[in-house]
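For reference, the structure is listed below as structure tokens.
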Amino acid sequence: MKFPALRTYAYLYLLFLYAPIILLPIFAFNDGTIIAFPLKGFTVEWFRQMAANTTLRTAVENSLIIALSSAIFATTLGIFAARAATRFSFPGKAGIIGLIMLPLVLPEIIVAVSLLVVLLGIGVTLSVFTVILGHVLICTPYAIAILNTAFNALDRSLEEASYDLGETKWSTFRLITLPLVMPGVISSLLMSFTISLDEFIIAFFLAGNEPTLPTYIFSQLRFPKQIPMIMALGTCLVAASIVLLTIAEYFRRRGIAKTGGTDTGGFL
Amino acid sequence: MAKANRWRRMTRTEAFSGYMLVSPTALYALLLLAAPLATIVAFSFFKDGYLTVIHEFTLQNYIDTWSDEVFRAILTRSLFVSGMVTLTTVLIAFPIAYYISFNVSPAMKSRWLFLITIPFWTSYLIRVFLWKVILGFNGVINSSLDIVGLIDQPLNMLNNVQAIVVTLAHAYAPFAILPIFVALEKIDRSLLEAGQDLGESRLMTFWRVTLPLAMPGVVAAVLIVFIPTIGDYVTPQLIGGGKVPMVANLIQARMLDLDNKPMGSAIAVSAMAIVTLVSLVFLFLNRRFLRVQK
Amino acid sequence: MTTRPTMIEFQDVHKYYGDYHALRGINATIKAGEFFSLLGPSGCGKTTLLRTIAGFEDISSGAVMIDGKHMEHVPANQRPTNMVFQSYAIFPHLTVEQNVGFGLRREAGTTEEKARRVEEALEMVNLKGYGRRAAHALSGGQRQRVALARALILKPKVLLLDEPLSALDKKMREQMQVELIKLQRQVGITFVLVTHDQEEALVMSDRIAVMFEGEILQLAEPEVLYRRPNSRQVAEFIGVMNFLPAFVLGEAGDTVQLEVAGLGRVDIEAAQSTGRATDGTVSVGFRPETLTILYDGQKAMDRETPGTIEEVVYYGDMTYYDVRLDGVEKVVRISMRNVFGRPVLEYGSRTRVAWSAGALVLFR
């Protein structure tokens, strides 16, 4: 059924989605401290400021450490859980998986507050490490959701065939299972990395005095003078995520082509 | 020998392998999720001493919380804002999901989904802030209108509920589109042809066939948008300018600024209970749509 | 057939899934070099039984012996069996030759030697020159061949085939049936085939075990299964069989005297009374091709009974007639080869049916 008006609506909706993002580079290169039209002129001053900012550098480093660790831990934990969920049945499975997936339907502020109370209670110093603890918790459900799909798509008889042909359980995992779920693993790593990199509230509660990228940005948004630099930073982030997503999409399509599947679209 | 044999037999069962495999993740969730949640529930029943917590059972925190007009106002506002955001987001997302599922050629579908998810992958904080830039006093809209000469005084579009709704509807767009899209994709196209074959108009076919079958996706979209938005901290702070605080801002203030952990816990637990309750009621109201699905 | 040594032996094999009793005391032997089939409807336990040979299913009690060795503590990767899976389980990320050579990774030998063995295996299944192709680009029939080559390259003592032809279309299936028989003769190893298709089992097997609800009801050569089924269940599962209610008048030595509805008094040999009836009723069964429609002037060789043609189903080479014999409610199905010059009869017409007491099987 075709409704021609829908097409127009779809493009308007895309405009709504992209409107804020289009503004980013415009103001990042605008030679004026006030974020408003009319534009003043072209400058790369804000990017220079950004590059020279040492606190920002620390925040970026912290965030990269947190995001990388969270992605790896969450994906590893996700592989265990997704494998258990798709392959084995055991009493209490729904409850256990339900608990692991709970952060999906729990406001992040609750996760942050409860973790904060416990960590302070047992005398853990807040740091980058405590943020990683929290981020692994919220990234794991997304990792599991992605990996479940990957493991479900895996024909069980492929592993049996490998086992039947003389391979052990471990070499079967290495030779057959892992290569075939690899696109899922990569998606899961990227997804967890991005969620962690962008996560504000848990980092805000659990980072102590350590800045992360979002908490640093949040702290700077109060100062009008800093806004152009934040625009420059945002531009870099958008560019980076587009590059990353394109790479991810490329690998996903290649994975589909390699195993002869059909493209069902999307990461989520 | 018999013991060793029984152990051997047990370790070879499917259930045992399942437990072994799931245990690292389950343990993590138990220690860092279940235990902390249990702790704040416990804290909410404890007394607050200055900077410490007195381990003595009391309902005072809940009595204080619920008799506090500020809390009730904030909770009502949070529910209202989240409800508005959810309604808006899902209503404007449905036609898009429908368009991609029904009107876009299969080869282009993944490209459209890709386009829709890109904004979601860019910094949430900056996206929210950009709405401040758009809606602000000397923001994009006001300065544009000024240049064109339509207004003398800048319009006040910030620091109110509408601004929060627009910002969050934008932030959660893909969360609403994707579940609805998935549900629409699952609909057997011949059902729609059957609907028209049986004499229904296109609109009635949509109403009697497409919409009920898409409902599980809509229900999922509603929950996926509603739950995180009610706990959102950033948007009320940035777009609301601190003038329209929501539950998360209150919890943060009690927990960090005032360092009253039992009180903060009581608010957090109350908020969690309300969210759960609202979600369950919503699921209950939609149970007939969810039952038909395999 | 010469007596062959035993290759596989099931000794009172039971398998439970929780409360569900999937295998209920299987006792059977499969001989070396035999083409053996496990036949039955879905859910009868045939695939489970096959998987206990491969080692993918643990058994709850009893024993599985392969080539005289107890298999209880031998995992699947160390058993002298290889399997062709229903889905073929072709590794989608590997090429055809990587698939076929997959099991050679752990074997001794130079790379050239292994490459030569892969080449030979591909030749054996008529896939010479396909080695470099991506596995996912193959057709159903080609996947089937890759799966065969991959399993046979390891020279197993037993090749297990789990519904290997069910995914192919009819033409391809018939062609592969013939190829599989030839291949089995060529390599000479034991083939154990699981199928729900009785025709496929009859065409390919040396012996067939017919399974229902976790039990083997009958284990015999195809011809015995077809002509002397030992129960109504087996008779109904394999081909078409007509049943008429009967009454045993008496038994004298090697002869059983019967009164059969529509056919009247019949004497049969005791050897024709192999069938069991689980519900206590007595009936005789006969295949559609053991009856003949008599045309004007033709005379029956043995006995004849009048009836009315109720339905005519034309198949080109054959015509099926549903005939109601005088004095019986039930119709019987009769298959007739269409011969040039002999017209296909119309429904509603009267006819005479020729039959012979020797073709009857008694179920009691």
In 10 Å bins starting at 0, how do the alpha-carbon pair distances of chain C split up by percent? 5, 20, 25, 21, 16, 9, 3, 0
What is the distance, in nm, between label points placed 7 Å from the Cα along the Cα-to-Cβ direction at C:Glu329 and at C:Phe247? 1.6
Any number yet on Rg/Rh for region B:1-153, C-alpha, Kirkwood? 1.19
Using Cα-Cα distances under 8 Å and only pairs 6 or more residues apart, what relative contact order does region B:64-291 have, in percent? 27
In a GNM of chain A with a 10 Å cut-off on Cα contacts, which of A:Ala84, A:Ala143, A:Ala74 has the highest mean-square fluctuation? A:Ala84
Roughly how far apart, in whole Å, are the Cα centres of region C:284-359 and region A:76-116? 68
Two decimals is fine: what is log10 I(q)/I(0) at q = 0.16, 0.22, 0.25 Å⁻¹ for region C:1-54, from a Debye sum with one equal scatterer on every Cα and no solvent? -0.53, -0.90, -1.08
Can you run the Rg to Rh ratio on chain A? Use alpha carbon positions and the Kirkwood inverse-distance Rh. 1.04
Provide the solvent-accessible area of C:Tyr315, counting protein heavy atoms only and rolling a 1.4 Å probe, rounded to the nearest 10 Å². 140
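Please compute the Kirkwood hydrodynamic radius over region A:61-220, one decimal place, Å, based on all pairs of different Cα atoms.
On the way: mean 1/r = 0.0593 Å⁻¹.
Kirkwood hydrodynamic radius for region A:61-220: 16.9 Å.
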Mean separation of Cα contacts under 8 Å, 6 or more apart, over the residue count of region B:90-220: relative contact order %: 30
Cα-based helix-to-principal-axis angle, A:227-259 vs chain A, degrees rounded to 10: 20
Solvent-accessible area per residue, Å², over the protein assembly as shown with all protein chains present [probe radius 1.4 Å]: 46
Before we go on, tell me the buried accessible area for the A/B pair, both chains summed, 1.4 Å probe, in Å² to the nearest 100. 7800
Under the Karplus relation 6.51 cos²θ - 1.76 cosθ + 1.60, θ = phi - 60°, what is the ordered set of whole-Hz ³J(HN,Hα) values for region A:180-186, x standing for Gly and Pro? 7, 9, 3, x, x, 5, 5
Report the antiparallel proportion of the DSSP beta bridges in region C:96-252 as a percent, rounded to a multiple of 5. 50
Diffing region C:257-262: the Karplus 3J(HN,Hα) column from phi (6.51, -1.76, 1.60, θ = phi - 60°), in whole Hz with x for Gly and Pro, holds 9, 10, 10, 10, 4, x
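Would you be so kind as to identify all helices of chain B, as entire DSSP H runs, whose Cα atoms reach 30 Å or more along the helix's own axis and whose mean Kyte-Doolittle hydropathy is at least 0.0? The partial results should precede the final answer.
Numbers: long enough: B:69-98 (43 Å, 1.37); B:261-285 (35 Å, 1.94).
Span-like helices, by this rule, are B:69-98, B:261-285.
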Among B:Tyr99, B:Tyr62, B:Tyr233, determine the one that fluctuates most according to a GNM of chain B built with springs between C-alpha atoms less than 10 Å apart. B:Tyr99
One quarter of the convex hull surface, Cα atoms only: what value does that give for region C:245-353 in nm²? 8.1
Could you give log10 I(q)/I(0) at q = 0.11, 0.15 Å⁻¹ for region A:1-146, computed by the Debye formula over C-alpha point scatterers of equal weight, without solvent? -0.77, -1.00
For chain A, modelled as a Gaussian network with Cα springs under 10 Å, which listed residue fluctuates most, A:Leu64, A:Leu178, A:Leu15? A:Leu15
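Which whole-number percent is the relative contact order of region C:6-232 (Cα, under 8 Å, 6+ apart)? Could the numbers behind the result be given before it?
Details: 432 pairs, mean separation 64.7, N = 227.
With pairs under 8 Å counted, the relative contact order is 29 percent.
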Integer Hz, Karplus 6.51/-1.76/1.60 couplings in order for region A:208-215, x for Gly and Pro: x, 8, 6, x, 10, 4, x, 5
How far apart, in nanometres, would the label points at B:Glu200 and B:Arg287 be if each is projected 7 angstrom from Cα along the Cα-to-Cβ direction? 2.5
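Return the subset of C:Lys31/C:Lys157; C:Lys31/C:Lys69; C:Lys31/C:Lys114; C:Lys15/C:Lys46; C:Lys155/C:Lys182 for which the Cα-Cα distance in this structure is over 22 Å, preserving the input order.
Numbers: C:Lys31/C:Lys157 11 Å; C:Lys31/C:Lys69 14 Å; C:Lys31/C:Lys114 30 Å; C:Lys15/C:Lys46 12 Å; C:Lys155/C:Lys182 17 Å.
Violating the 22 Å limit, Cα to Cα: C:Lys31/C:Lys114.
Taking the alpha carbon gyration tensor of the protein assembly as shown, what are the square roots of 5 times its eigenvalues, largest first, to the nearest whole Å?
Numbers: eigenvalues 972, 212, 170 Å².
Semi-axes (√(5λ), whole Å): 70, 33, 29.
Per the 1.4 Å probe, what fraction of the accessible area of chain C, in percent, lies on carbon and sulfur atoms? List each step's numbers first, then the result.
On the way: 8370 of 17070 Å².
Ligands and nucleic acids excluded, carbon and sulfur reach 49 percent.
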Working from the pairwise distances between different alpha carbons, so that the mean of 1/r is found and then inverted, what is region C:108-236's Kirkwood radius in Å? 16.4
Tilt of helix A:108-121 relative to the longest C-alpha principal axis of chain A, in degrees (0 to 90, nearest 10)? 80
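Give the ranking of B:Trp207, A:Trp170 by solvent-accessible surface, highest area first, calculated with a 1.4 Å probe. The partial results should precede the final answer.
Details: B:Trp207 155, A:Trp170 195 Å².
In descending accessible area the options line up as A:Trp170, B:Trp207.
Once R0 is set to 30 Å, what does the formula 1/(1 + (r/R0)^6) return for the Cβ-Cβ distance between C:Lys69 and C:Gln257, expressed as a FRET efficiency to the nearest 0.05? Could the numbers behind the result be given before it?
Values: r = 52 Å, r/R0 = 1.72.
That gives a FRET efficiency of 0.05.
Given 0.36 nm per residue, what is the gain on full extension from C:Asn27 to C:Gln298 after removing their alpha carbon distance, in nm?
Numbers: separation 271, 0.36 × 271 = 97.56 nm, distance 4.94 nm.
Once the chain is fully extended between C:Asn27 and C:Gln298, it gains 92.6 nm.
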With both bridge residues required to lie in the protein assembly as shown, what share of the DSSP beta bridges run antiparallel, to the nearest 5%? 75
Checking the cross-link filter: which aspartates and glutamates have an alpha carbon closer than 20 Å to that of B:Lys109, excluding same-chain neighbours under 8 positions apart? A:Glu249, A:Asp263, B:Glu185, B:Asp188
Sort out for me the Cα centre separation of region B:106-153 from region A:1-34, rounded to whole Å. 6
Quick check on region B:131-215: take the gyration tensor over C-alpha atoms, sort the square-rooted eigenvalues as a ≥ b ≥ c, and tell me if it's rounded (a/c under 1.5), prolate or oblate. prolate
What full-extension length gain, to one decimal in nm, is calculated for B:His55 and B:Arg189 as 0.36 nm per residue of separation minus the Cα-Cα distance? 42.1 nm
Computed on Cα atoms only, the convex hull of region B:173-294 has an orientation-averaged projected area in nm² of 9.9
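Convert 4 °C to kelvin, take the viscosity as 1.567 mPa s, use the Kirkwood radius over C-alpha pairs of region B:64-291 as Rh, and evaluate the Stokes-Einstein diffusion coefficient in µm²/s, rounded to a whole number. If you can, show how the numbers build up before the last one.
Numbers: Rh = 19.8 Å.
Once the numbers are plugged in, D ends up at 65 µm²/s.
Arrange the residues C:His73, C:His196 by how much accessible surface each exposes, largest first, with a 1.4 angstrom probe.
Of C:His73, C:His196, the descending order of accessible area is C:His73, C:His196.
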Taking only DSSP H segments of four or more residues, each worth -39500 (n - 2.57), what value at 222 nm results for the protein assembly as shown once the sum is divided by all its residues, to the nearest 500 deg cm²/dmol? -16500 deg cm²/dmol
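Summing +1 for each Lys or Arg and -1 for each Asp or Glu, what net charge is found among the other residues whose Cβ lies under 12 Å from the Cβ of C:His196?
With Lys, Arg at +1 and Asp, Glu at -1, the net is -4.
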Taking a ≥ b ≥ c as the square roots of the eigenvalues of the Cα gyration tensor, with a/c under 1.5 meaning rounded and otherwise prolate when a/b exceeds b/c and oblate if not, region A:70-165 is prolate
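The values are calculated or read from the model by the stated rules, or taken from the named source; none is laboratory data. These figures come from a predicted structure and were not determined experimentally. Virtual Cβ from ideal backbone geometry, glycine too; neighbours counted across all protein chains shown. Only protein heavy atoms, including side chains, enter the accessible area calculation; ligands, DNA and RNA are left aside. Shrake-Rupley method; radii C 1.70, N 1.55, O 1.52, S 1.80 Å.
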